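Asker: Got a structure here, written out as structure tokens. Questions coming.
No value in this document is a laboratory result; all are computed from the given coordinates. All figures in this text were calculated on a predicted structure; none of them were measured in a lab. Counting neighbours? That spans all protein chains shown, and the Cβs are built from the backbone with ideal geometry, glycine included.
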Amino acid sequence: MTNQRDEYLWKKAQSRVAFKRHVITYILVNSGFWILFFVMRSQPWGERIHPWPIWPMLGWGIGLASHYFGAYGDGNQHKKVEDEYKKLMEGR
């Protein structure tokens, strides 16, 4: 007896695992940026430094949000695609 897996669910699971890794990377890298910023800020010349880590956080955050919606977004999209396909097949 072979265990057949649903390809749609398998890809969805892979996407969710990839998203979770993406979140961990985002947190680690941006934490490093903020640590670097505060180390630079503690220097005698560091008083005038702009809080630059906010920019990579915002830019990367947009990509992270997009990844989230791809992984956890509309769960009925698969069904909607199947319904549209059936409509197209009937109208041929």
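Asker: Once you put a point 7 Å from the Cα of ILE27 and another 7 Å from the Cα of PHE69, both along the Cβ direction, what distance in nm separates them?
Answerer: My value for the distance between the label points is 2.4 nm.
Asker: Moving to a separate point now. Hey, what do the phi angles of segment 55-71 turn into as Karplus ³J(HN,Hα) couplings, whole Hz, using 6.51/-1.76/1.60 and θ = phi - 60°, x for Gly and Pro?
Answerer: Calculated HN-Hα couplings, in order: 5, x, 5, 5, x, 5, x, 5, x, 5, 4, 4, 5, 4, 5, x, 7 Hz.
Asker: Within the P(r) computed for the chain, what percentage of the Cα pairs occupies the region above 23 Å?
Answerer: Across the chain, Cα pairs with separations above 23 Å total 53 percent.
Asker: In addition: When only C-alpha pairs under 8 Å and at least 6 residues apart count, what is the relative contact order of segment 8-90, in percent?
Answerer: 40 percent
Asker: Distance in nm between label sites at PHE38 and HIS50, each 7 Å beyond Cα in the beta-carbon direction?
Answerer: For PHE38 paired with HIS50, the spin-label model returns 2.2 nm.
Asker: Can you compute the FRET efficiency between ARG16 and LYS87 using 1/(1 + (r/R0)^6), with r the Cβ-Cβ distance and R0 = 25 Å? Round to the nearest 0.05.
Answerer: Step by step, r from the Cβ atoms, then E = 0.30.
Asker: Just to confirm the number: angle between the C-alpha axis of helix 7-41 and the first principal axis of the chain, 0 to 90 degrees, nearest 10?
Answerer: Roughly 10 degrees between the two axes.
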